[in-house]
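Worksheet: the structure to be examined is printed underneath.
The values are calculated or read from the model by the stated rules, or taken from the named source; none is laboratory data. No experiment lies behind these values; they were computed from the predicted model shown. Cβ coordinates were reconstructed from backbone atoms using ideal geometry, including for glycine residues, and neighbour counts include every protein chain displayed.
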């Protein structure tokens, strides 16, 4: 079975272990860059998308979002986490009802569920169904 963007090898249950080598291959094989791109193009709450020096500005939040998605987070859960990042971690005074955040959460959720043309399944893909697959 092909791994989707978010369907990295291993079980979906948050307490279940994920093989670190398979996860690293999935992450470095394109997942990290794809999620970074989604956040920079769609979310970008501090407006740095045009600055090449800020390409990794949102990297501290990537693995946390993947963890949420791995645990079965809903679109609303992702939107709540984005709001929390904006307010608590970035110190922004953002509108909690801003519809753009929900749109970004939908994009992040769709990214996680979709197969990726940029990453081919590794040799262990046949034995790894990914989360909920």
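One table, with the values for the structure above:
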quantity: Residue, surrounded by the most Cβ atoms within 10 Å (Cβ to Cβ), within segment 45-63, restricted to residues that are assigned to a helix (DSSP H, G or I) and more than 11 Å from the chain's Cα centre (by Cα); calculated: 54
quantity: Single match in 93, 42 (criterion: over 28 Å from residue 19 (Cβ atoms) and part of a helix (DSSP H, G or I)); calculated: 42
quantity: Condition check for residue 66: in contact with a helix residue (DSSP H, G or I) (Cβ under 6 Å, 6 or more places away or on another chain) and part of a helix (DSSP H, G or I); calculated: no
quantity: Unique match (being closer than 18 Å to residue 41 by Cβ, under 11 Å from the mean Cα position of the chain (by Cα) and either surrounded by 13 or more Cβ atoms within 10 Å (Cβ to Cβ) or modelled with pLDDT under 95 (or both)) among 105, 79; calculated: 105
quantity: Residues that are farther than 19 Å from residue 36 by Cα and in contact with a helix residue (DSSP H, G or I) (Cβ under 7 Å, 6 or more places away or on another chain), drawn from segment 77-117; calculated: 92, 94, 96
